[in-house]
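The values are calculated or read from the model by the stated rules, or taken from the named source; none is laboratory data. Here the structure is a predicted model, which is why all the values come from computation and not from measurement. As a convention, Cβ positions derive from the backbone with ideal geometry for all residues, glycine included, and neighbour counts pool all protein chains shown. For accessibility, only protein heavy atoms count, side chains too; no ligands or nucleic acids. Shrake-Rupley method; radii C 1.70, N 1.55, O 1.52, S 1.80 Å.
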Amino acid sequence: MAINRTSSHGEWSSRTAFILAATGSAVGLGNIWKFPYITGENGGGAFVLIYILCVLFIGIPIMLSEVYLGKRGRLNPIASIRYISERENRSKNWQIIGLIGILAGILILSYYSVIAGWTMAYATRTAFGVINNIDALGATKMFNDFVSDPERLLAWHTIFSIITAIVVSKGVKSGLESAVIRLMPALLVLLLALVIFSAIEGDFMNGMKFMLYPDFSQVTWKTILIAMGQAFFSLSLGMGALMVYGSYLSSDISIPQTCVIVASLDTLVALLAGLAIFPIVISAGLEMTQGPGLLFQTLTVAFGAMPGGQLFGTLFFILLIFAAWTSSISLIEPMVIWLIEKFNISRIQAAIISSGTAWLLGIGTIVSFNIGKEIKIFNMNIFEMLDYLTSNILLPMGGIMITIYVSWLISKESIDSELNIRSTILRRIWYLSARIIAPLAVIFVMLNALGFNLTIL
Ligand code: PFF
């Protein structure tokens, strides 16, 4: 039975509005900053191919399950699952999914906001012409000097946290739809222009080859785990963000189509970012494996050399800040709504508590690049550890629990009416992927990456 409760926190104005908000959540630093550098670190083409397979066979089926939970539950992630469990006679312990999600969201936001701060700093530098005519060596030095200054990083992280808190305290819907509809196409256009610049000025052939030609000789289970983790991270899956956005979705809207559109847009942006960046990395003689600084170093060289690069680069960084900001809102929103609904506090108080927590934790990431470089946990610095824990463990764990819960334990009538998959074949394919393929693939990859050496052949 479709349950026509209306959401306690309002509804999207249309299907397009949901697509925009979900795309705003999905497209962010994950596509433009993280995807290129982890592709660079993990050998290129084969990694990209595995990533795309993960989006198709793991990401999209789980996305449907997650949006279903929000659309049916219509509350914060924990309460939604409690509500559905009551109706479906299932254990309330499944609420743990919501809890893992809230935790993952805040942990991700803690470092996400630091990197968004870097983007703000680079927007300012580009605007003031500091990067004009800079060469690869200069760009690398500028980046290294920048990240070795904890106070500067803290200042930008603080500014970004305050802006996020202000926006979130005003409520998600107001402004988000209209902002995404204007700024997301602009980001896409600038990204395309950057790809064209790369094609003319960079080593486009070798950049494309690096990104698209799969060389499986370097692929290990860890590579596959990272590609899979990136699919969860980039699609904003496994932590309740899409559950919250799904909870604003009015009940007559078909979920599958919307999910496929969001996943396609997200993947398109990541691939364009790669196409824009790798040719310049090669032509400027930068290292593919330089890690989190890759985007900033490469783009400074590109904008520094480009005619009109000062204006173009500033605009690009501003749009990237905006993309990071729409993603941050979705990272924090599950915790905010949970605090409001559970403790009956105001949105402003909830926004301050959530952003404050993420801000405090963010200090761990800041020091990972300077005074705390030597602090290592399992051979990773604090930033790397947080990233690994969230992308490669918490999000996939949340994701499989979501998909197992929805596809195995919820009545078919409810799934049929909420998911609205009209074709029988597609419905069967979704069941097969959500029940079996996605959970088994995630467990298999995680166990192998942990060293269990399972084989299927
Ligand atoms: N998908 C965002 C990005 O690619 O930048 C990051 C993110 C947002 C991850 C929301 C998880 C999430 F729930």
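As an exercise, identify the trypsin sites (Lys or Arg not before Pro) in the range 352-457 lying in DSSP coil whose Cβ has no more than 14 other Cβ atoms within 10 Å.
Lys373, Lys376, Arg422
Scanning the chain for GluC sites (Glu not before Pro) in DSSP loops with at most 14 other Cβ atoms within 10 Å, what's the longest stretch left with none?
Values: sites that count: Glu287, Glu374.
The longest uninterrupted stretch comes out as 1-286.
Remark: spin-label model distance Ile181-Glu88 equals 3.4 nm, labels positioned 7 Å along the Cα→Cβ axis. In the chain, the ratio of gyration radius to Kirkwood radius, Rg to Rh, stands at 0.96 when only Cα atoms are counted. Computed from Cα positions, the angle between helix 255-283 and the longest principal axis of the chain comes to roughly 10 degrees. The C-alpha atoms of the chain define a longest principal axis, and helix 96-127 lies at about 30 degrees to it.
Spin-label model, Thr289/Lys412: points 7 Å from Cα along the beta carbon direction are separated by 5.2 nm.
May I ask you to derive the FRET efficiency for Thr357 and Leu56 from their Cβ-Cβ distance with R0 = 35 Å, giving the value to the nearest 0.05? Present the calculation step by step, with values, prior to reporting the outcome.
Working: r = 35 Å, r/R0 = 0.99.
The formula returns an efficiency of 0.50 here.
As a length-normalised measure over Cα pairs under 8 Å and 6 or more apart, the relative contact order of the chain settles at 36 percent.
Mean residue ellipticity at 222 nm from the helices of the chain, using -39,500 (n - 2.57) per DSSP H segment of n ≥ 4 over the full residue count, to the nearest 500 deg cm²/dmol?
On the way: 21 runs with 325 residues, N = 457.
It comes out at -23500 deg cm²/dmol, rounded to the nearest 500.
Taking Cα atoms only, the orientation of helix 294-305 departs from the longest principal axis of the chain by about 50 degrees.
If you place +1 on the Cβ of every Lys and Arg and -1 on the Cβ of every Asp and Glu, how big does the dipole about the Cα centre of the range 57-210 come out, in debye to the nearest 20? Walk me through the intermediate numbers first.
Working: 14 positive and 10 negative charges, 180 e Å.
Using Cβ point charges on Lys, Arg, Asp and Glu, the range 57-210 gives about 860 debye.
One Cα centroid belongs to the range 60-98, the other to the range 241-276; the line between them spans 19 Å. Lys342 exposes around 120 Å² of accessible area when a 1.4 Å probe is run over every protein chain in place.
Only Cα pairs under 8 Å and 6+ residues apart enter the sum, and on that basis the relative contact order of the range 298-394 stands at 12 percent.
What shape does the range 108-265 take by its C-alpha gyration tensor, where a ≥ b ≥ c are the square roots of the eigenvalues and a/c under 1.5 counts as rounded, a/b above b/c as prolate, and the rest as oblate? Intermediate values should be presented prior to the final figure.
Working: a/c = 1.63, a/b = 1.18, b/c = 1.38.
Oblate, since a/c reaches 1.5 and b/c is not below a/b.
Between the residues Ser198, Leu235, Leu249, the greatest Cα displacement towards the positive end of the dipole of the range 145-250, with unit charges on the Cβ of Lys, Arg, Asp and Glu, is found for Leu249.
Among the listed pairs Lys92/Lys222; Lys34/Lys92; Lys34/Lys342; Lys342/Lys376; Lys34/Lys71, which are separated by more than 32 Å between their Cα atoms? Please list the in-between numbers first.
Working: Lys92/Lys222 34 Å; Lys34/Lys92 36 Å; Lys34/Lys342 34 Å; Lys342/Lys376 36 Å; Lys34/Lys71 30 Å.
Checking Cα-Cα distances, Lys92/Lys222; Lys34/Lys92; Lys34/Lys342; Lys342/Lys376 exceed 32 Å.
Using the Cα coordinates of the range 177-293, the gyration tensor eigenvalues translate into equivalent-ellipsoid semi-axes of 31, 20, 12 Å, sorted from longest to shortest.
Just going by the charge dipole of the chain, with Lys and Arg at +1 and Asp and Glu at -1 on Cβ, which of Leu265, Ile108, Ser417 is farthest out on the positive end? Working it through, the farthest residue towards the positive pole turns out to be Ser417. Dipole size of the chain about its Cα centre, with +1 on Lys/Arg Cβ and -1 on Asp/Glu Cβ: approximately 1160 debye, rounded to the nearest 20. Assuming charge only on the beta carbon of Lys and Arg (+1) and of Asp and Glu (-1), the dipole of the range 324-395 about its Cα centre is about 120 debye to the nearest 20.
What longest region of the chain stays clear of chymotrypsin sites (Phe, Trp or Tyr not before Pro) that DSSP places outside H, G, I, E and B and that have at most 11 other Cβ atoms within 10 Å? Before the final figure, lay out the partial values.
On the way: sites that count: Phe128, Phe378, Phe452.
My reading of the result: 129-377 is the longest stretch.
For Ile162 and Val260, a Förster radius of 41 Å and the Cβ-Cβ distance give a FRET efficiency of 0.70, rounded to the nearest 0.05. The range 343-371 and the range 386-444 have Cα centres separated by 31 Å. Element breakdown for the chain at a 1.4 angstrom probe: carbon and sulfur atoms account for 66% of the accessible area.
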